[in-house]
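Step one of this worksheet: look at the structure below.
The values are calculated or read from the model by the stated rules, or taken from the named source; none is laboratory data. All values reported here derive from a predicted model rather than from experimental measurement. Note: ideal-geometry Cβ built from the backbone for every residue, glycine included; neighbour counts use all protein chains shown. The accessibility values were calculated without ligands, DNA or RNA, using every heavy atom of the protein model including side chains. Shrake-Rupley method; radii C 1.70, N 1.55, O 1.52, S 1.80 Å.
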Amino acid sequence: MDSSESAAGKQRKTAKRPLSEDAGAAEERLNQKKHSALCATLGGEDASVRLLEELVFGAEERLSERLAQQDSSVLLEDDDTHSVGSEESGSERPAVRSAVWEDEDDELDEEVDMTHRFRRDFKKSEAENKMTKPRLQQRLKEQFQKAMGGTPSWAEVTAKRSQKKEPETEDEDDSEELLRRTGNFIGSSDSLPKGIIKIKKCLNANSECPGGDQLSSVQFHPSAQIVMTAGLDHSVSLFQVDGKSNPKIQTIHLENYPVNKASFSADGEHIVATGMRNKLFYIYDMMEGKVIPVSSVRGLNEQRVSDFQVSPDGKYLLLSGSSGYLHLMTTKTREVIRSMKMNGSVCAAAFTSDSSKIFANSQEGEVFIWDVQSSKCLKKFADDGCIRGTSLALSRDGLYLACGSQSGVVNIYSQKDCLHTLEPRPLKAVMNLVTAATSLCFNSTSEILAIGSRADDEANRLVHLPSFTVFSNFPQFQRKTIFRTRCLDISPQSGFYTVANNKGHALLFRLLHYTDF
């Protein structure tokens, strides 16, 4: 009985469970109907609710279409919905891009007046009347490095550390800066700036074979990267110029013949060397390797020939004689075809770049201009303030004439004024030497005039043209390096500057502004 009753009770309980489950499902359906009825009365679901549901439940593929259809005001009003959507979708906001264009007028307040007397020397051109503060700071840094002869060691260490921390992006920044700004891009040019010159001391040009006595001549080859030295040790030497080792090419010994002057021919295939005692001179053929002695020249009535000039066209040698005579000798037949006589003694002479005229300076301080074809004196004028002349040089472009004097004053004239003005006045009188200016040389671009004196140590200056100012950082006066200048020269493309001194050394300097030899 008991077992049958218990079984009947279990059946009743199991029979009640489906009733309770059916009641729960019915209640849920009732709530859904109420919710549907409520939505129907409200006119449908809210758009923001549907958007939130799609974002939460992963309907990203239809998001762009819905965003285009929905009113933008819905998204702007519901900030929370936007934030949730961005977090769930994993999208990031795009980075703020830099401006593609910036107008110079926006930085007028940050520009510095460069016409102030304290900042004039930092200008590279007359167009730089104003400069931004960062650019001025960079210009000051460059000027400091020039004055120090490069970047100091402590600054290099700091720069290396900063390079390890941050990658170099200077090129990209410069290109972006160029495309982003307006400005005067033709304000700065390739012309040599005044004030401080970028110069570097190199190994001596004749370091492999220094002169046994003082040097009398030094000259760069007109086309090859070669320098020649000659001196009182009876030798003429050739060196290759690379600024690092400067290997020796050849040395020619002239027995019992101290060389007073040596010079390349116009084509660079010969070397002409004159002595100090007689009219004998030597011609060295570089192509055949032969030394040709010239003991006599037809039509030359001189006891001694020590100085000469080579014409740029290679046709003539101008021999300086005694008593104010100048003799024009042809290089082809080696005979004197014309002679010219000037008042006083000849101290220096030079051909014009077209070889049509000769400028000659006398020890009495007068300058004579001769025509090569007719041997006529075209003009004569007194060098302003000169009592005794010592040197003369012409620029290759026909712009300038430089005349040196015993007092150390170097007058710079315009060649055009010298030819067409009755009494030409110097454009500038350079008074940076206190002893006789015995050596003068223009560079190929007429931007530098090198002057030197053999009467005093370190008496060597570089003059900037056309400002006619001396570069303040050459030479360095911490210690003696140049000593007494016997001769000087600048390479054909102004890349190197050499000075021959009384110690037998040919000092070599790299002019960093110029890229070619």
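Values for this structure:
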| item | result |
| --- | --- |
| Members of segment 418-434 found to be surrounded by fewer than 19 Cβ atoms within 10 Å (Cβ to Cβ), more than 19 Å from PHE368 (Cα to Cα) and of a type outside the set (D, E, K, R), listed by number | ALA429, MET431, ASN432, VAL434 |
| Test for PHE368: is it touching a residue at least 12 places away in the same chain (Cβ under 8 Å), of a type in the set (Phe, Trp, Tyr) and in contact with a Pro (Cβ under 9 Å, 6 or more places away or on another chain) | no |
| Any hit, segment 234-249, residues being under 25 Å from HIS464 (Cβ atoms), of a type in the set (S, T, N, Q) and within 26 Å of the chain's Cα centre (by Cα) | no |
| Residue that is modelled with the lowest pLDDT [pool: residues in segment 258-280 that are buried (at least 16 other Cβ atoms within 10 Å of the Cβ) and among the charged types (D, E, K, R)] | LYS279 |
| Restricting segment 27-41 to residues that are aliphatic (A, V, I, L, M) and surrounded by 10 or more Cβ atoms within 10 Å (Cβ to Cβ), the residue that is modelled with the highest pLDDT | LEU30 |
| Yes/no for ALA437 being surrounded by 17 or more Cβ atoms within 10 Å (Cβ to Cβ), modelled with pLDDT of 95 or more, outside any loop (DSSP other than H, G, I, E, B) and of a type in the set (Gly, Ala, Ser) | no |
| Every residue from segment 320-335 that is part of a strand (DSSP E or B) and within 45 Å of the chain's Cα centre (by Cα) | SER320, TYR325, LEU326, HIS327, LEU328, MET329, THR330 |
| Single residue of MET329, MET342 found to be open to solvent by less than 20 Å² (accessible area, probe 1.4 Å), modelled with pLDDT under 95, farther than 26 Å from SER491 by Cα and not basic (Lys, Arg) | MET342 |
| Residues satisfying the stated conditions in segment 444-458, i.e. free of Cβ contacts under 8 Å to residues at least 60 places away in the same chain and either buried (at least 23 other Cβ atoms within 10 Å of the Cβ) or outside any loop (DSSP other than H, G, I, E, B) (or both) | LEU449, ALA450, ILE451, GLY452, SER453 |
| Residue, farthest from the chain's Cα centre (by Cα), within segment 350-406, restricted to residues that are of a type in the set (Lys, Arg) and part of a loop (DSSP other than H, G, I, E, B) | LYS376 |
| Pick from segment 361-384, criterion more than 21 Å from VAL430 (Cβ to Cβ) and among the small types (Gly, Ala, Ser), ranking: surrounded by the fewest Cβ atoms within 10 Å (Cβ to Cβ) | SER374 |
| Conditions (1) over 22 Å from ALA349 (Cα atoms); (2) touching a residue at least 24 places away in the same chain (Cβ under 8 Å); number of the one not met by GLY495 | (2) |
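A quick yes/no check of all residues on (1) in contact with a Gly (Cβ under 8 Å, 6 or more places away or on another chain); (2) not β-branched (Val, Ile, Thr):
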{"residue": "LYS428", "(1), (2)": "no, yes"}
{"residue": "ALA437", "(1), (2)": "yes, yes"}
{"residue": "CYS441", "(1), (2)": "no, yes"}
{"residue": "GLU447", "(1), (2)": "no, yes"}
{"residue": "ILE451", "(1), (2)": "yes, no"}
{"residue": "ASP456", "(1), (2)": "no, yes"}
{"residue": "LEU462", "(1), (2)": "no, yes"}
{"residue": "PRO466", "(1), (2)": "no, yes"}
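Conditions tested, residue by residue: (1) among the hydrophobic types (A, V, I, L, M, F, W, C); (2) outside any loop (DSSP other than H, G, I, E, B); (3) surrounded by fewer than 18 Cβ atoms within 10 Å (Cβ to Cβ).
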{"position": "TYR282", "(1), (2), (3)": "no, yes, no"}
{"position": "MET287", "(1), (2), (3)": "yes, no, yes"}
{"position": "PRO293", "(1), (2), (3)": "no, yes, yes"}
{"position": "SER296", "(1), (2), (3)": "no, no, yes"}
{"position": "VAL305", "(1), (2), (3)": "yes, no, no"}
{"position": "GLN309", "(1), (2), (3)": "no, yes, no"}
{"position": "GLY314", "(1), (2), (3)": "no, no, yes"}
{"position": "LEU318", "(1), (2), (3)": "yes, yes, no"}
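Residue-by-condition table, conditions (1) part of a loop (DSSP other than H, G, I, E, B); (2) open to solvent by 90 Å² or more (accessible area, probe 1.4 Å); (3) out of contact with any helix residue (DSSP H, G or I) (no Cβ under 6 Å at 6 or more places or on another chain); (4) at pLDDT 80 or above:
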residue	(1), (2), (3), (4)
ASP106	no, yes, yes, no
ASP109	no, yes, yes, no
GLU177	no, no, yes, no
ASN204	yes, no, yes, yes
